[in-house]
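Here's the structure we're looking at; comments come further down.
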Amino acid sequence: MKRFAERFVQESRVSPFAPFSANRSAAIDAGRPGIALVSISRLQSLCEAVAPRYAERAKFFPVREGYGAAVAALQAYVDAGSVDVVLSAGSNGAYLRENLSVPVVMVKVNGFDVLSAITRATATWPQARIGLVLHEAVAQELADLGPLLNVDLRQRAYRSIDEVRLAVDELVAQGCRVVVGAGMACDLAQQAGIDSVFLYSLAAVEEAFERSVELARVSRQKEAKRGRLNTIVAHLRDGVAAFDEAGQLEAVNPAMLELLGSGATHQIPKDDEDTSARVARSLAPLLRETRAADQPVDERIEQIGGRALIVSCVPIVEQGARAGFVVTAQDAVVAQRIDRSLRTSQRPRHLVARHRLDDLIGASSALERVRRLARAGAAHDATVLLTGESGTGKELVAQGIHNASPRRGNPFVAFNCSALPEGLIESELFGHEEGAFTGARRGGKPGLFEIAHTGTIFLDEIGEMPAALQSRLLRVLQEREVMKLGAVRATPVDVRVVAATHRDLHARVEQGAFRADLYFRLNLLQIKLPPLRERRADIAPLARYLLDRSARQYGLSAAGLEQVLAFLDPLFANYAWPGNVRELENLLARAAIYIGDATRQISGNLAADALPEWQVVFPEFARIGSAQVERIAPASQGPVAAGTAPRAAVTRQDALRALDQSDGNRAAASRALGIGRTTLWRLLKS
């Protein structure tokens, strides 16, 4: 298993050679790669002669050990990242190559080196039988050239230190007076009492240094990149695991171990076979499926280790051939939380419910019943059907239910089912894929049900929904998934539905204009909003609240607000309010604009054509009868009921007299004088 921990080794610039000990590992120059020079013979002296030329390009460590002892000495520094390449030769180098994880560069002997050594031997010891000891295999070409060169040459090959001894012994027994070979062969020949010629040339060592330094430089760069990548992957919250083509685990990050229940760690154990086996066993079915189909598995939800994970498996392709697999995993719960966070942070501002149930103004029993039912329904995800006349505040109640529910803070999407043609309603509610129809948005478009995911969708005027779309809506409510126009796969949605209508849906079901199954699906929790005329006690406080909220917009003072309320007082008690709260709000705005502040003289002192006839501006008064209309008298005579003669303006003395006759009751005095209470108050102050 490859390590994901980044390796940090601080090195200092010192001489080309340094004693190879643990105390020196912290002094290695991090800017230069490290090369270990491993030799137990005469090769070391050649390396020491060549190394100073490369001191600025690499850091060198002489190791005068061989085979197992050299591996033990090198392993700690290889693990620490101090040594990137090992330079050696012969059987010693072959042994190190098999037992170390870093590259081992061998000093290569070419034909010229062999001929040069043989030439030196024949020149020094003419007519002597020469023994040639080579690593791994003899050179058949030299055997053929021996008679031509007039050289009595015997060859032996070796693969281990024991075979070197055996080869030298055999050559001595055959009467060889000179041995040509590596350092150990030369040393053994001298111990046997014969001469020797060292096989390796300075040029061969220089060529090995060039290869070692370049390989170490590239290896250091690759290791640095790998270390950075591994560090990044180790800190990913998503689990990542890499496998070779045979399904053997090559790399895994802590997040994957935690997701698979193997324990969360900050570092990956290098050779933890139990952990590797558990990871490979958990993900083996995914690897088999990807290998069999030769296609990636993309974002599938799987139950692994007792957890719901979103997993993907992608083949690794190198030079056109599959070399392994990469598996990524994410906790489905975390993905849902991230999805909610993204939807919350990126949703438009108009998808926010602004009103709460406390915004319902009034203390009547009918309105209190609405609040009570709405709060009870908000605690559950059941579908709510709001019924009532237009203008009774159904959307306000829907927003209040959303804000009182556990879904508050998530999207609130409102849609009027009668506002668009049938084709556009379908696209708006359910969305569409790119190219689903002529004029479809490029890249597709999510529907309102998707946009409202984890929140609430408010379907206003549900009774006006076309019959063809009622069945699609029913399926969404039943299956909790949406099929976009042009899509081949449904999208799951988690949405709370609040519907509203001013129509009698039960009657429309009997008429065949509304699906019965959809009606019963919607009519789970029903809340009927009372019309304004059935809660007249709430009209006055509601009117004051609406005027207070809009006072800045209309430029009203406190006195002007009272004047508007006094003018409309007859309507509060006697008008039927067919438009309910919406009509009341509009009427208040109209009165504020035409009546205005108390300092404005809207009275008989103005020209006759300066103010429209009251019955034109306020036709609501005509609907309740002229006898119940009170006069506007801010400072003098105002509009009067149609068909009555103008009367003299009420004076301060009239007001004092009426107040005395009513024992100080201002309401009774106002009624006796036929003026509003605000007008009475102004007369008493004048």
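Taking the numbered list (1) closer than 24 Å to V38 by Cα; (2) under 59 Å from the mean Cα position of the chain (by Cα); (3) loosely packed, with under 15 Cβ neighbours inside 10 Å in turn, E223 passes all entries but (3).
Annotation note: of A264, A251, A280, the sole residue that is aliphatic (A, V, I, L, M), within 30 Å of G81 (Cα to Cα) and at pLDDT below 80 is A264. Scanning region 55-77 for residues that are surrounded by fewer than 19 Cβ atoms within 10 Å (Cβ to Cβ), more than 30 Å from A167 (Cα to Cα), at pLDDT 85 or above and not charged (D, E, K, R) yields a total of 2. Scanning region 181-211 for residues that are under 60 Å from the mean Cα position of the chain (by Cα), of a type in the set (A, V, I, L, M) and crowded, with 17+ Cβ neighbours inside 10 Å gives A204, V205, A208. In summary, R97 fulfils each of the numbered conditions (1) assigned to a helix (DSSP H, G or I); (2) touching a residue at least 12 places away in the same chain (Cβ under 8 Å); (3) surrounded by 14 or more Cβ atoms within 10 Å (Cβ to Cβ) with the single exception of condition (2). All of (1) under 23 Å from E464 (Cα atoms); (2) part of a helix (DSSP H, G or I); (3) under 31 Å from the mean Cα position of the chain (by Cα) hold for G400 with one exception: (1). Which of the following residues is within 28 Å of Y54 (Cα to Cα) and in contact with a helix residue (DSSP H, G or I) (Cβ under 8 Å, 6 or more places away or on another chain): V180, V197? So the residue among V180, V197 that is within 28 Å of Y54 (Cα to Cα) and in contact with a helix residue (DSSP H, G or I) (Cβ under 8 Å, 6 or more places away or on another chain) is V197. Please verify whether region 494-513 includes one or more residues that are under 39 Å from the mean Cα position of the chain (by Cα) and of a type in the set (G, A, S). Yes - at least one qualifying residue is present in region 494-513. Give the residue that is farthest from the chain's Cα centre (by Cα), with candidates limited to residues of region 148-180 that are farther than 22 Å from E98 by Cβ and buried (at least 22 other Cβ atoms within 10 Å of the Cβ). Among those residues, the one meeting the criterion is C176. Residues of region 164-204 that are within 22 Å of S45 (Cα to Cα) and among the acidic types (D, E): D187, D195.
The values are calculated or read from the model by the stated rules, or taken from the named source; none is laboratory data. None of these values were measured; they are calculated from a predicted model. All Cβ positions, glycine included, derive from the backbone under ideal geometry; neighbour counts span all protein chains shown.
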